[in-house]
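Structure first, then comments.
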Amino acid sequence: MVPASVPIFIITCDRLGVLRESIASYREHIRTPFEIVIHDNGSTYQPLLAYLEELEGSGVAVYRHAERIVAQEQLNGVAGTVARWFAGRAPGNYVVTDPDVALVGDCGDILELYAHLLETAGEIEVVGPMLRIDDLPDCYPLKAEVIERHMKQFWHKSPLELTWRGRRIGYQHARIDTTFGMYRAGFRFRRLCRGYRTYAPYWARHLDWYIDPQRLSGDQEHYLRHASRVTHWGGARLARSLSR
């Protein structure tokens, strides 16, 4: 069952542009009531800090953590924020995501679909979207690597199907990291759980795959200068490719 309002926990650090774009996509596409909750890991980019204050002023809960992420395992720390937010509230399904995952397409009931899948498939803990790779720009230096890796890992599979409100929906068994995954009520968040990934129109864009190195924004430049080894397609890996 979808609760009265689904919290979407966004893990961020200095990612102003993609955070704005992702939140805008949720507000544009999701029809089910939801609320944004920010889990910030040691941001230092002043415009981002100002934006977090702006969000707080509008009623968004912001949980600040002084330390930046330096190991993948630390990403599981958002479980503490989830527990704090639900303290005193009735348990409910919730979403955990990175700041650079934007929804696309006619997916207004995506949270209801994900809740349905969690309720009817006991072998999974999370449901999230497939990530598009069909429209990546040539300017992104890691385009070929992204396509090759995601074809081997996900897109080579033949989708399973179900009927949802008269629409045929494709999905596949796949583990999900911090990529807009909905978790069942009471489940303690951890990365890379067994789950389903859904196809169009219940899919998403990974915004870091659309970066143009010749037109970096201020927050992108700041992020690349401070990227840890944990950051991936829009961080340390991209920075290494630009320094070759």
Take every DSSP beta bridge with both residues inside the range 6-242 and express the antiparallel ones as a percent of the total, to the nearest 5.
45
Residue-wise HN-Hα coupling along the range 171-188, computed from phi with Karplus coefficients 6.51, -1.76, 1.60 (Hz; x: Gly, Pro)
8, 9, 6, 6, 6, 10, 8, 8, 10, 6, x, 8, 10, 6, 4, x, 6, 7
Please list, in chain and number order, the residues 5+ apart from Val126 or on another chain whose amide H is under 5 Å from its amide H, with Hs placed from the backbone.
Tyr196
Could you work out the local net charge near Asp40, counting Lys and Arg as +1, Asp and Glu as -1, over the other residues with Cβ closer than 15 Å to its Cβ?
-3
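Mind running the shape call on the range 68-183? Use the C-alpha gyration tensor, a ≥ b ≥ c as the square roots of the eigenvalues: rounded below 1.5 for a/c, prolate if a/b tops b/c, oblate otherwise.
Oblate, since a/c reaches 1.5 and b/c is not below a/b.
When you count, for each residue, the other Cβ atoms within 10 Å and take the mean per peptide, how do 19-29, 103-113, 208-218 rank with the highest first?
103-113, 19-29, 208-218
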Cα-based shape type of the chain, given that a ≥ b ≥ c are square roots of the gyration tensor eigenvalues and the cut on a/c is 1.5
oblate
Theoretical ellipticity at 222 nm over the chain - DSSP helices of four or more residues, -39500 (n - 2.57) apiece, nearest 500
-8500 deg cm²/dmol
Given an 8 Å cut-off on Cα distances and at least 6 residues of separation, report the relative contact order of the range 6-242 as a percent.
26
Return the whole-Å distance between the Cα centroid of the range 29-59 and the Cα centroid of the range 108-171.
26
Net charge near Tyr223, counting Lys/Arg +1 and Asp/Glu -1 over other residues with Cβ under 10 Å of its Cβ?
-2
I need the peptides 192-205, 135-148 ranked by packing, meaning the mean over residues of other C-beta atoms within 10 angstrom, with the highest value on top.
192-205, 135-148
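Values quoted throughout were computed directly from the atomic coordinates according to the rules given, and no laboratory measurement underlies them. Everything quoted here is computed from the prediction, not taken from an experiment. Here the Cβ is made from the backbone with ideal geometry for all residues, glycine too, and neighbour counts use every protein chain on show.
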